[in-house]
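*Asks:* One structure follows; several queries about it will come next.
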Amino acid sequence: MRLINTSSLEIEEFHGGNVPKYAILSHTWGAAEALFEQWTSRLSRLRHTRCPGFSKVRAACKRARSDGFGYVWVDTVCINKSSSAELSEAINSMYAWYERSSVCYVYLSDVVSRCGDTTDTLDLVRRSRWFRRGWTLQELLAPTNVEFYTRNWNLLGTKNALAFLISEVTGIEEVCLRKRKRIDEYSIAQRMAWAANRVTTREEDIAYCLMGIFGISMPLLYGEGQKAFVRLQEEIIKSSDDHSILAFDTALSEGTLFAHHPAVFAQSNRIHPNFAHKLTTPFVMTNVGLSITTPLVQTLSPYWFLALLNCVEINTHPTLRRGLVYLPLIGKENKFMRARAPVSLIYKPMDEGSLDSKDDIQDLTTPTETSYLISYFKRVYSVYGTEMDYAMKGFEVENKTHGGFMIAFPRGLASYRLLTAYPSEDLQSDISFFIPTTRPMPRDKDSRSGLCTGRGMIIFERPGKSTGKYIGLYLAGTAMLRDWTCRVVSVPDDFEIERAEDVLEAADEEALHGAWVQHDRCGNTIIQARTRFQTLNGDPCNEAVMVEIVFDGDVFLQERGI
């Protein structure tokens, strides 16, 4: 490690445990920075005394010397960038160097303090370029003691004192800035979100500047472009079992398996690790994709599944609310790809009213896990070809409406199968959506008739049974999907498809006598529709409600100790 002697201004080299206490400089690069080759020449230092890059380093040395430090580290002059091996070693070590420093001086070259005008100065701090650069993120997080200075080296305050302001600007919690919570306690998605709005001059550096934050090392390959960020994610999963690395918006990403830039994690700051009392099944990157094991939620479509990730969305405003995170997958035979439609991620609320349970977490998903492969579009498409075209184009319906219901089976279909729906044209089983576009409630039966835009029913059959052969599910929604209801309805054992409208009318009567409910239970069947989400591009509808159906309610309740 090279350090600048704050008295002689000469560069000295130290190894291993012989490194003395040192201060370190964090700054944004300008057009005329002092470089290693120039600084090592005393004549060059004298000749460039008034150059901004040189005067900045001299000022940092002066500040460190007055604080009692004999040495200071500055990236521009302490790294010989003409040596690729040295540059790679330095970048892989940089987080540790900042972390071990006694103090970090943050030089805000675009902030000029005005006498007595604190408010205006702090506004300049908020807009400083330093908060938008990629490399300065680790320089903010790694050191314990950080001091912020203006262009004329007036002290603005410490990281602890300015933690509230910095948190507002960066989205990083104050407890993290104050070192009261370790960085590795935050999910991968949260840490990626911290870098979402930051930029680097070299495309590859958006990956390299994050290595220390994720505790990994990897070779530098300038010229690889976006592959550097993909390679970073591949390295992360080698040492982390956090599924939140997949919790990004595919609609914004140029890739589907991994993100192409931290920007696609911009909305992921609320994705927290899931503190489940079990080890996550290992997942690894293979030569054809990501091999992973999670619970898989079945739908009516043979091509569309939902993977339950081991992370949760936590929203603290206005009250604490948690949500499970589901990853939509398109494919079959346990070979999938992430699709950009109809939805990137689904967040299912965990902290709303439960069903006949003392526990306020109502998760219907089976604990059984499935091993499968998430691969790249080109690989999956080349295998299944037009089948995937059919699966994906099904979401692009012609007669779009505002709201609909996505049908899911968290514990599978058991021994049931889909029989029919009424109205039949409102069920799109190929994409597992039920979109009631017709037949509002009769006006003489309910005051909601002016608001309800549609209702309908899906009927399932259990072959080989003479009693309890059919189960009906009643779904209705108001205009703009401001309200909705779901119920398990009675279907006679002698039911015939031609009598579907009679069963629907009977279900209307039952539903309209009470409040609209979003969960219901009848015998072994449990239905709940509490998860509302927006679809992408309005396909097949603008907003949807995830309807979860469990047919083995007795087993489920026994498993949960209810």
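*Asks:* By how many nm would the segment from L122 to S82 lengthen if fully extended, with 0.36 nm per residue of separation less the alpha-carbon distance? Walk me through the intermediate numbers first.
*Replies:* Details: separation 40, 0.36 × 40 = 14.40 nm, distance 3.83 nm.
Between L122 and S82, full extension yields an extra 10.6 nm.
*Asks:* How many nm is it between the label spots at A414 and L279, if each spot is 7 Å from the Cα in line with the beta carbon?
*Replies:* Distance between the two pseudo-spin positions: 3.4 nm.
*Asks:* Using packing as a proxy for protection, rank 127-133, 340-346 so that the peptide with the highest average count of other Cβ atoms within 10 Å comes first. Display every interim value, and only then the final one.
*Replies:* Working: 127-133: 16.9, 340-346: 21.7.
Highest to lowest by the protection proxy: 340-346, 127-133.
*Asks:* Further question: Can you give me the accessible area per residue for the chain, using a 1.4 Å probe, in Å²? Please report the intermediate quantities before stating the final value.
*Replies:* Values: 25000 Å² over 562 residues.
Result: 44 Å² of accessible area for each residue.
*Asks:* For L141, what is the net charge nearby, where nearby means another residue's Cβ is under 14 Å from its Cβ and Lys, Arg count +1, Asp, Glu -1? Write down the numbers at each step before the final one.
*Replies:* Working: positive: R100, R133, K159, R178, K179, R180, K181, R182, R191, R198; negative: E99, E139, E173, E174, D184, E185.
Value of the local net charge: +4.
*Asks:* Here is a follow-up. Binning at 20 angstrom from zero up to the longest distance, how are the C-alpha pair distances of the chain distributed in percent?
*Replies:* 19, 42, 25, 12, 2, 0
*Asks:* How far apart, in nm, are the 7 Å Cα→Cβ label points at E333 and N18?
*Replies:* 6.3 nm
*Asks:* Which of the lysines could a cross-linker span from K179 if the Cα-Cα distance has to be under 17 Å and same-chain partners fewer than 8 positions apart are dropped?
*Replies:* K159
*Asks:* Now for a separate question. Distance cut-off 20 Å, Cα to Cα: go down the list K335/K378; K332/K393; K348/K378; K238/K348 and report the pairs above it.
*Replies:* Among K335/K378; K332/K393; K348/K378; K238/K348, the Cα-Cα distance tops 20 Å for K348/K378; K238/K348.
*Asks:* Calculate for the chain the 222 nm mean residue ellipticity that helices alone would give, adding -39,500 (n - 2.57) per DSSP H run of length 4 or more and normalising by residue count, nearest 500 deg cm²/dmol. Display every interim value, and only then the final one.
*Replies:* Numbers: 16 runs with 131 residues, N = 562.
That calculation yields -6500 deg cm²/dmol at 222 nm.
*Asks:* Of all beta bridges DSSP finds with both residues in the chain, what is the antiparallel percent, to the nearest 5? Don't jump to the answer; show the numbers that get you there.
*Replies:* Values: 76 of 96 bridges.
Here the antiparallel bridges make up roughly 80 percent for the chain.
*Asks:* Mind ranking 54-61, 158-165, 406-413 by how tightly packed they are, going by the mean number of other C-beta atoms within 10 angstrom, highest first? Show your work: numbers first, answer last.
*Replies:* Values: 54-61: 20.0, 158-165: 15.5, 406-413: 21.9.
Descending packing order for the listed peptides: 406-413, 54-61, 158-165.
*Asks:* Beyond 22 Å, how much of the Cα-Cα pair distribution for the range 20-179 remains, as a whole percent? It would help to have the intermediate numbers written out before the result.
*Replies:* Numbers: 5384 of 12720 pairs.
Across the range 20-179, Cα pairs with separations above 22 Å total 42 percent.
*Asks:* Also: Share of the range 136-215's accessible area from carbon and sulfur, percent, 1.4 Å?
*Replies:* Details: 1330 of 3070 Å².
C and S fraction of accessible area: 43 percent.
*Asks:* Same structure, new question: Report, to the nearest whole %, how much of the accessible area of the range 9-82 belongs to carbon and sulfur atoms, 1.4 Å probe, protein only.
*Replies:* After summing per-atom areas, the C and S share lands at 52 percent.
The values are calculated or read from the model by the stated rules, or taken from the named source; none is laboratory data. No experiment lies behind these values; they were computed from the predicted model shown. As a convention, Cβ positions derive from the backbone with ideal geometry for all residues, glycine included, and neighbour counts pool all protein chains shown. In case anyone asks, the SASA skips ligands and DNA or RNA and just uses the protein heavy atoms, side chains included. Shrake-Rupley method; radii C 1.70, N 1.55, O 1.52, S 1.80 Å.
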